Every structure is written in structure tokens, then in C-alpha cells.
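I have placed the structure first, in the form of C-alpha cells, so that the comments after it can refer back to it.
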Amino acid sequence: MSNETNTPVVRVGDVIYIRGGMSLSHGVDDYTGGKATVTVVKMGVSGGRNVPFVSVREVPGHSWNWESLAQDQAALRESHGESWAAPDPDERPEFNEFW
């Protein structure tokens, strides 16, 4: 099912793919990409428009613009296959200094 922007609708409980992420100044928040279970869908503002944002069980404390992420689902599925997203903290002091 799609909405008026042709973005697939996402619901709590759906399994989606997320990109991995890392920070040069806060490595304890790094995570690997892969499959993830949606726990929250709520509207937020991106580029001056209201769009859905999703949060997932596997990477608490983060959210993603679903319209942007939805476009990459096929590529992320190809890249990550059956692997699941997970925290991947880098606790080295040089990667956890706040700017």
C-alpha cells in the first residue's frame, strides 16, 4: 500500500532495512545496518514538509525519515540480506569527544 507520495506505508511491527551509522565524535552510538523491527511511526518535519519518521527496536534512540529510507529498501536488502541491525559501539576515547 502507498500514500499520495507513492512511499510505501510503514507500520509498527513491520520489518524494514536501515543503513548503518557511525559518528566521529560519539562512537558509542555507532550501529550496523540491516533488518530492523519498527517500534514507532510518527510525523516530523523534513525539508519543510511533514513526513513519517520511524524508530526501530534494534537501534534505540535513533529515528529515520521513512520517505528517504523507503527509497533505499531494495538496495539495503541486497546489501544486508538476512543480517539484523545492531548497536556497534566504538568506545575508544578519540572517537567519543564532543565538539
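Things worth noting here:
- The residues on offer are Pro52, Pro89, and the sole one that is at pLDDT 95 or above and not in a helix (DSSP H, G or I) is Pro52.
- Only listed residue being modelled with pLDDT of 90 or more, touching a Phe, Trp or Tyr at 6+ places or on another chain (Cβ under 6 Å), buried (at least 16 other Cβ atoms within 10 Å of the Cβ) and not hydroxyl-bearing (Ser, Thr, Tyr), chosen from Val38, Val59: Val59
- Filter pass, Ala75 being among the small types (Gly, Ala, Ser), at pLDDT 95 or above and either closer than 12 Å to Ile16 by Cβ or assigned to a loop (DSSP other than H, G, I, E, B) (or both): no
- Hey, Gly27 surrounded by 14 or more Cβ atoms within 10 Å (Cβ to Cβ), small (Gly, Ala, Ser), modelled with pLDDT under 95 and over 10 Å from the mean Cα position of the chain (by Cα) or not: yes
The values are calculated or read from the model by the stated rules, or taken from the named source; none is laboratory data. In this text, all values refer to a predicted model and were calculated from it rather than measured experimentally. Quick reminder, even Gly has a Cβ in these numbers, built from the backbone with ideal geometry, and neighbours come from all protein chains shown.
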